[in-house]
Structure formats: C-alpha cells, structure tokens
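Could you have a look at this structure, given as structure tokens, before my questions?
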Amino acid sequence: MSKVIKVGICSFGMSGQIFHAPFIHVNPNFEFTAVVERSKHLAAAKYPGVKVYASVDDMVKDPSLDLIVVNTPNYTHYDYAKTALDAGKHVVVEKPFTVHNQEAQELIELAASKGLLLSVYHNRRYDSDYNVVKSVINSGVLGDVLEFEIHYDRFKEELSYKKHKEGNLPGTGALYDLGSHLIDQALTIFGMPRKLWADIRIIRKDSVVDDYFELVLYYDFLRVRLKSSYLVREALPAYQVHGRIGSFIKSKSDIQEAQLQRGLMPDSPDWGAEAPHEWGLLHTTINGKTVKEYVPGGNGNYMGYYNGIYEAIANGAPNPVSGADGANVVRVIEAAFESSNSGKVVPIH
C-alpha cells in the first residue's frame with residue numbers, strides 16, 4: 001500500500017487540535033480529510049480544504065476515508081468506534097479505550113472479524129521522560145527493580161466547565177483521565193500485575209468525580225505505585241525507581257504538549273527536546289564503582305505513534321498500541337474501583 005491514508009477526526013476540541021491534527025497534517029503518509037464540528041469551523045480555518053461534517057454518523061459514510069480517530073467523550077468511545085468499524089474504517093480510539101472491559105472486547109472481536117486496525121492512542125508512551133526511565137530500567141543498571149512509583153499531580157481547585165471531563169457521566173474522573181496514562185506506562189514495562197489495591201477519592205469542594213487516586217500494583221517482588229491528586233502545589237518527582245543496586249529519579253518534563261499549545265508543529269526544530277536541568281538522577285553501582293550522575297533525556301515524539309499506525313495499515317507491521325493493550329488498562333481501572341469500594345486487595349481477572 002503506497003497511497004496516502006485519509007483521516008477523519010470525530011471532534012476538534014483540545015484533543016483534535018493538539019494531539020491529532022498537527023501530526024496527521026505534517027506526516028506525508030496521511031491527509032487530514034474530514035472533521036466533525038457542529039457549530040464552530042476551527043479546523044477549516046486552520047486546515048483549508050478539510051471537509052466538515054455535522055455528525056460522526058455522517059462522516060463515517062464518506063467513502064474516501066480510510067481511518068477514523070475517535071476522540072470524543074469517554075462514554076461515547078464504544079459506540080463511535082463500533083460505528084466506524086461497521087463502516088469498514090480503521091480506527092484510532094483516544095484513551096481510555098472504553099469505559100468497560102466488555103465493550104473493549106467486543107470492539108477487538110469486531111475489528112478482527114473485519115480485518116481492520118483498531119488502536120488506542122496512549123501517546124504518553126512517546127514522552128521523553130517516560131522513555132528515559134524505561135531505558136534505564138531495561139539497561140539493568142539498577143539491578144532487579146523492587147519499587148516503581150509514578151506521579152501525575154496538578155494544583156487545580158476549580159472544577160472544569162467540560163461536563164465530559166468532570167460531570168457525573170460514565171468514564172469521567174482522574175483515574176480514567178490521568179490514570180490511563182500511568183497504568184499504560186506501568187503495564188508496558190512490567191506487564192499485568194497479579195492483584196492491586198486502590199484508594200480513589202473526591203477531595204475538591206463540590207466535585208462529583210474522583211480527583212485523587214493511589215494504586216498499588218502487586219507483582220512477585222515488585223510493587224508499582226501510581227498516584228495522582230488535583231491538590232498538589234509542590235509536586236514530587238514524577239518517576240521514582242528503586243532497584244536492588246540503585247535508584248533513578250526523574251521529573252515530568254516532556255514538552256510536546258506545551259509546544260503544541262504554543263502553536264508549534266511537530267516538524268519544528270528541536271521538537272520534544274528536554275532541557276538539561278530536567279535530566280534524571282541515576283545513583284547506582286557500575287563495575288564496582290559508585291555512580292551518581294544525571295542521565296540526558298532524549299526527545300519526545302508523538303509522531304512515533306502515527307508512524308506506527310501507517311506501518312501497521314500499509315505494511316502489516318505490529319499495531320503500536322493494540323486493542324488488547326487498551327483493554328488491559330480498562331481492566332485495571334475496573335479492578336481499582338472494586339478495590340477502593342471494598343477496601344480490599346483484589347485479583348486481576
């Protein structure tokens with residue numbers, strides 16, 4: 001397959017504007033062909049020639065489209081992804097994949113039956129900070145990893161006006177939103193845990209969705225802690241890794257989202273480059289000598305995801321983030337709510 005893949009994006013809010021359209025636009029293997037916008041025409045103003053549809057149902061009927069990006073509110077992911085698959089389109093679904101694991105399994109089976117690509121947009125696999133942490137762990141310089149902790153904290157007392165983010169709707173709240181990133185990062189390195197414990201709470205005044213969570217994932221000798229709070233004014237390091245012979249401490253430092261919000265495009269010079277003051281601290285023993293040094297961060301690059309999507313569709317390469325990967329994140333989220341509600345450690349089924 002050598003043709004350009006024509007893409008339709010299901011909404012043009014922050015996700016469409018920041019995380020999808022720029023990467024599709026500058027990648028020569030894709031064409032940003034269509035978008036759903038019911039009232040505003042922001043996409044057409046920035047990307048002249050894009051076709052604007054009033055609904056997802058109308059857009060997926062466009063015979064020219066090869067790939068649909070489902071980046072609508074979480075509770076709509078299942079319905080819109082199913083609609084797109086039924087129309088014979090390849091599908092990218094924003095994280096979290098679905099609200100419930102059963103929905104995820106149905107979509108996986110439907111895509112397989114039709115021979116279509118179904119992928120989940122876990123873009124934080126392509127963050128500079130996460131990738132240097134993963135590289136240090138995989139290098140073995142820490143020895144057997146015994147503790148791994150990830151924080152994704154904010155200081156935000158006010159509630160979002162976006163009901164699909166913080167309204168009383170399925171799939172809202174910090175665990176589905178930020179937790180999806182942390183869970184996927186942990187599972188990508190260590191695989192599925194045997195069991196977990198979770199504490200999920202509402203800590204802001206008048207909030208109706210969880211805005212605090214702490215998860216402990218149980219492996220044989222390893223414990224993984226995932227934590228987020230919307231009321232952290234002075235954040236701890238985002239990544240803390242402790243092994244049998246060393247530790248690695250790293251800040252949350254990927255700059256791609258900030259670059260995109262400033263209007264930069266992914267083909268800009270020094271895209272995703274970390275500043276030296278954000279480099280992670282390695283303290284370990286190598287060849288019998290104590291080493292305490294800062295490890296340079298690489299460049300983050302969400303384009304790696306879309307390059308992977310093209311290779312998967314065009315050349316049969318592996319899916320960069322499979323439906324099964326996305327479903328595993330949802331399985332952990334569901335188990336976390338079960339644990340928090342019961343106050344018990346629960347197995348991962």
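Could you please find all residues in the stretch 134-152 being under 15 Å from residue 247 (Cβ atoms) and aromatic (Phe, Trp, Tyr)?
The answer is 148, and nothing else.
I've got another one for you. Residue under question is residue 142, and the condition is that it be modelled with pLDDT of 95 or more, more than 21 Å from the chain's Cα centre (by Cα) and open to solvent by less than 20 Å² (accessible area, probe 1.4 Å); does it hold? Walk me through it before giving the result.
Numbers: modelled with pLDDT of 95 or more: yes; more than 21 Å from the chain's Cα centre (by Cα): yes; open to solvent by less than 20 Å² (accessible area, probe 1.4 Å): yes.
Yes; evaluated as a whole, the condition is true for this residue.
Continuing with the same structure: If we keep just the residues of the stretch 84-107 that are in a helix (DSSP H, G or I) and closer than 19 Å to residue 61 by Cβ, which is most open to solvent (accessible area, probe 1.4 Å)?
The first filter runs over the stretch 84-107 and keeps only residues in a helix (DSSP H, G or I), leaving 84-86, 101-107.
Going one step further and asking which of them are closer than 19 Å to residue 61 by Cβ, we end up with 84-86.
Numbers: 84: 0, 85: 0, 86: 80 Å².
Across the stretch 84-107, the extreme among qualifying residues is 86.
Next question, about the same structure. What's the number of the condition residue 166 fails, among (1) open to solvent by less than 30 Å² (accessible area, probe 1.4 Å); (2) at pLDDT 95 or above; (3) not basic (Lys, Arg)?
The one condition residue 166 does not meet is (2).
Residue-wise test of (1) free of Cβ contacts under 8 Å to residues at least 12 places away in the same chain; (2) farther than 25 Å from residue 22 by Cβ; (3) loosely packed, with under 15 Cβ neighbours inside 10 Å.
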position	(1), (2), (3)
287	yes, yes, yes
307	no, no, no
311	yes, no, no
348	no, yes, no
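Would you check if residue 72 is within 30 Å of residue 252 (Cβ to Cβ) and crowded, with 23+ Cβ neighbours inside 10 Å?
Numbers: within 30 Å of residue 252 (Cβ to Cβ): yes; crowded, with 23+ Cβ neighbours inside 10 Å: no.
When the stated conditions are applied, residue 72 does not pass them.
Can you tell me which residues in the stretch 227-238 are open to solvent by less than 10 Å² (accessible area, probe 1.4 Å), out of contact with any Gly (no Cβ under 7 Å at 6 or more places or on another chain) and in a strand (DSSP E or B)?
Matches in the stretch 227-238: 229 only.
Let me ask something else. Which ones in the stretch 326-345 are among the β-branched types (Val, Ile, Thr) and under 20 Å from residue 171 (Cβ atoms)?
First, the residues of the stretch 326-345 that are among the β-branched types (Val, Ile, Thr): 329-330, 332-333, 345.
329, 330, 332, 333 - these are the residues of the stretch 326-345 that are among the β-branched types (Val, Ile, Thr) and under 20 Å from residue 171 (Cβ atoms).
(1) in contact (Cβ under 8 Å) with a residue 24 or more places away in the chain; (2) touching a strand residue (DSSP E or B) at 6+ places or on another chain (Cβ under 6 Å): which one isn't true of residue 99, the others all being true?
Of everything listed in (1) in contact (Cβ under 8 Å) with a residue 24 or more places away in the chain; (2) touching a strand residue (DSSP E or B) at 6+ places or on another chain (Cβ under 6 Å), residue 99 misses just condition (2).
Among the residues of the stretch 172-184, what is the count of those that are open to solvent by less than 10 Å² (accessible area, probe 1.4 Å) and more than 13 Å from residue 227 (Cα to Cα)?
Residues of the stretch 172-184 open to solvent by less than 10 Å² (accessible area, probe 1.4 Å): 173-175, 178-180, 182-184.
Checking the rest, the ones that are also more than 13 Å from residue 227 (Cα to Cα) come to 173, 184.
So the count comes out to 2.
Restricting the search to the stretch 108-129, which residues are β-branched (Val, Ile, Thr) and open to solvent by 20 Å² or more (accessible area, probe 1.4 Å)?
First, pick out the residues of the stretch 108-129 that are β-branched (Val, Ile, Thr): 108, 120.
Within the stretch 108-129, just 108 meets the criteria.
If a residue has to be of a type in the set (A, V, I, L, M, F, W, C), open to solvent by 30 Å² or more (accessible area, probe 1.4 Å), under 16 Å from residue 17 (Cα atoms) and more than 25 Å from the chain's Cα centre (by Cα) to count, how many in the stretch 36-60 make the cut?
Step one: list which residues in the stretch 36-60 are of a type in the set (A, V, I, L, M, F, W, C), which gives 36, 42-45, 50, 52, 54, 56, 59-60.
Within this subset, residues satisfying the condition of being open to solvent by 30 Å² or more (accessible area, probe 1.4 Å) are 42, 44-45, 52, 54.
If we keep only those that are under 16 Å from residue 17 (Cα atoms) too, we end up with 42, 44-45, 52.
Next cut, more than 25 Å from the chain's Cα centre (by Cα) only: 44-45, 52.
Result for the stretch 36-60: 3.
Okay, next question. Here are the criteria: (1) open to solvent by less than 20 Å² (accessible area, probe 1.4 Å); (2) modelled with pLDDT under 95. Tell me which single one residue 150 does not satisfy.
Among (1) open to solvent by less than 20 Å² (accessible area, probe 1.4 Å); (2) modelled with pLDDT under 95, the lone unmet condition for residue 150 is (2).
The values are calculated or read from the model by the stated rules, or taken from the named source; none is laboratory data. For clarity, every value in this text was computed on a predicted model and none was experimentally measured. Cβ atoms come from the backbone with ideal geometry, glycine included; neighbour counts cover every protein chain shown. Note: accessible area is taken over every heavy atom of the protein model, side chains too, but ligands, DNA and RNA are not part of it. Shrake-Rupley method; radii C 1.70, N 1.55, O 1.52, S 1.80 Å.
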